[in-house]
Amino acid sequence: MNDTVSELSSALASRGITLVHAADGREALRLILERIPRDARVMNGGSATLEEIGLLDALGSGDYDWLRPAIAATNEREERTRRRRQATTAEWLVGGVNAITMAGEIVNVDGSGNRLAGYAFGADKVILVAGMNKLVPDLAAAFERIRNTAAVQECRKLEKRTPCAVTGRCDNDACRGPERQCGKILIIENEKIAGRITLVLIGERHGF
């Protein structure tokens, strides 16, 4: 590990979070899958990083009880919400990261908060996956990254007409209503349950 990864690993360890370093996306996928038992009940958060490394294809192989397809196939709103709520208590939750400070604070933003509920407490085990581009010096930089990098690209990907999608910069006071994607923000400062959260840090750029 280089000095940056070593420093972050120590910071995360002091907060009860394990860092595993992967040289590239292929190694990251291997490290994730070797941790999740066959037939385990698994949910994933929406994440460009997970798509890029091939995790969704692997979860769809039939080796796992993958919860997302049933949710995606549900058109009735109340039933879909019920299934999403149940999925926050999956045995394994794999998701992306919006920003990680060098002090070990993990910051994520979500539209509805279901992913964050699983990260914070609901899921038995959490694997977070991030490229080196998610590293920032401090919380101020984390919020800058969330509002003016991650949110902009996410809203454009979803073809929203939020202020950030239109101008490329967050206008938090003007952004309201159902199209807003920054509904809830979670900062993971510490984990009390030993071995519950693992961060797989990829030595490449991934996601946004």
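When the Cα centres of the stretch 24-85 and the stretch 96-147 are compared, how far apart do they sit, in Å?
18
Name the shape class, rounded, prolate or oblate, that the alpha-carbon gyration tensor gives for the chain, where a ≥ b ≥ c are the square roots of its eigenvalues, rounded holds for a/c under 1.5, and otherwise prolate holds if a/b is larger than b/c and oblate otherwise. Before the final figure, lay out each step's value.
On the way: a/c = 1.57, a/b = 1.05, b/c = 1.50.
Because a/c hits 1.5 or more and a/b fails to exceed b/c, the chain counts as oblate.
Excluding the sites themselves, what is the longest stretch of the chain that contains no trypsin sites (Lys or Arg not before Pro) in a DSSP loop with at most 11 other C-beta atoms within 10 Å?
Working: sites that count: Arg38, Arg161, Arg169, Arg176, Lys192.
Value returned for the longest uninterrupted segment is 39-160.
On average, how much accessible surface per residue is there in the chain, in Å², for a 1.4 Å probe, leaving out ligands, DNA and RNA? Could the numbers behind the result be given before it?
Working: 10280 Å² over 208 residues.
In whole numbers, the chain has 49 Å² accessible per residue.
Which one, Leu116, Gly183, Ala90, is farthest towards the positive end of the dipole of the chain when Lys and Arg carry +1 and Asp and Glu -1 on their Cβ?
Gly183
Quick one: compute the contact order of the chain, relative version, from alpha carbon pairs under 8 angstrom and 6+ residues apart, as a percent.
Values: 371 pairs, mean separation 64.7, N = 208.
Relative contact order of the chain: 31 percent.
Identify the GluC sites (Glu not before Pro) of the stretch 117-186 meeting these criteria: DSSP loop state and at most 13 other C-beta atoms within 10 Å of the C-beta. Spell out each step's value before the answer.
Values: sites: Glu144, Glu154, Glu159, Glu179; in loops: Glu159, Glu179.
Those satisfying the criteria are Glu159.
What residues from the stretch 74-102 fall in the zone where the backbone N is under 19 Å from a label point 7 Å along the Cα-to-C-beta line of Glu51?
Answer for the stretch 74-102: 74, 94-99.
Give the shape of the stretch 107-175 as rounded, prolate or oblate, defined through the alpha-carbon gyration tensor: a ≥ b ≥ c are the square roots of its eigenvalues, a/c under 1.5 means rounded, and otherwise the shape is prolate if a/b is larger than b/c and oblate if not.
On the way: a/c = 2.08, a/b = 1.49, b/c = 1.40.
Prolate.
Taking the Cα centre of the stretch 1-96 as origin, sum charge times position over the Cβ atoms of Lys and Arg (+1) and Asp and Glu (-1), and report the length of that vector in debye to the nearest 20. Please list the in-between numbers first.
Values: 13 positive and 15 negative charges, 97 e Å.
In debye, rounded to 20, the stretch 1-96 gives about 460.
For a label point 7 angstrom out from the Cα of Thr4 toward its Cβ, which stretches of the stretch 176-206 have the backbone nitrogen within less than 19 Å?
199-206
With θ set to phi - 60° and the Karplus curve 6.51 cos²θ - 1.76 cosθ + 1.60, what are the ³J(HN,Hα) couplings of the stretch 142-156 in order, to the nearest whole Hz, using x for Gly and Pro?
5, 5, 4, 5, 4, 6, 10, 10, 4, 5, 4, 5, 5, 5, 5
How much of the accessible area of the stretch 78-140, in percent, comes from carbon and sulfur atoms when a 1.4 Å probe is used?
Numbers: 1190 of 2320 Å².
Roughly 51 percent, rounded to a whole number.
The values are calculated or read from the model by the stated rules, or taken from the named source; none is laboratory data. These numbers come from a predicted model, not from an experiment. FYI the Cβ positions are ideal-geometry reconstructions off the backbone, even for glycines, and counts take in every protein chain you see. Accessible surface is based on the protein model in full, side chains and every heavy atom, while ligands, DNA and RNA are left aside. Shrake-Rupley method; radii C 1.70, N 1.55, O 1.52, S 1.80 Å.
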